[in-house]
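Participant: One structure is given below, represented as C-alpha cells, and several questions about it will come after.
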Amino acid sequence: MNEPLTINAVQAKSAADSLTVDNVGNVIARIDGTDPALKPVMVYAHMDRVGMIVSFVTEDGFLRLQAIGGVPDKVLPGSRVLVRTVSGAWQYGVVGTKCNHLMTEEEKQRVQPMRELLVDVGADSAEQAKEMGFAIGCPVVYEPV
C-alpha cells in the first residue's frame, strides 16, 4: 500500500542548496542552477492535504465521513480514498451513494451531501471494520481524478 506523498524538511535538505521553514510550517527548498541563462523554476504544493475523518461506522461496516477543510461533496462519489487505520497503515476505500434504484427522483438530481455518502472498505460489519483498524477519528484523504 502506498502512503500519500509527503516530504519533510530533513528530506528536502538533502536535495537542496538552501532550506527555510516559514512561520506556518511551509518548507521552502532552493536548488541553485548551474546555467544563469536559464529561467528559474518553482515547484510548490500545499503543506497539508484537504481531507476528512471517519465520523461513524455503520452496523454493516461502511464508514461515514466529516470534512476537514474544503472537500467538495460533488467529487466524492466514486472516488478512491485512503483511510489511515488505528495501527497507522493506509487502507483503500471507495466512496459510494445509495443505489440509484433506491433513490427518489429528487435525490437523483442533487449532489449527495457528505453526510449521506458511505465509504466501502470491504468490511461486512462494524465489528469487522473495527478488526481491520477502522475507528471514529481515523484520517481520510481522497485521490482527485
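Participant: Net charge around residue 29, counting only other residues with Cβ within less than 10 Å of its Cβ (Lys, Arg = +1; Asp, Glu = -1)?
Facilitator: +1
Participant: For the stretch 62-131, what does the relative contact order come out to in percent, with C-alpha contacts under 8 Å and a separation of six or more?
Facilitator: Working: 90 pairs, mean separation 30.2, N = 70.
Here the relative contact order equals 43 percent.
Participant: With the crude spin-label approximation of a point 7 Å out along Cα→Cβ, what separation in nm comes out for residue 41 versus residue 19?
Facilitator: That separation, rounded to one decimal, is 2.0 nm.
Participant: Then there is this: Taking Cα centroids, how far is the stretch 108-142 from the stretch 54-96 in Å?
Facilitator: 5 Å
Participant: If we count every other residue with Cβ under 12 angstrom of residue 55's Cβ, Lys/Arg +1 and Asp/Glu -1, where does the sum land?
Facilitator: Values: positive: 64, 115; negative: none.
Spelling it out: positives minus negatives among the neighbours equals +2.
Participant: While we're here: State the number of lysine pairs found in the stretch 31-145 whose Cα atoms come within less than 29 Å, restricting to pairs 8 or more positions apart or on distinct chains.
Facilitator: Taking the Cα cut-off of 29 Å, the pair count is 5.
All of the numbers you see were taken from the coordinates with simple rules; none came from a lab. Nothing here was measured: the structure is a model prediction, and the numbers come from that model. In this analysis, Cβ positions are derived from the backbone assuming ideal geometry, glycine residues included, and neighbour counts consider all displayed protein chains.
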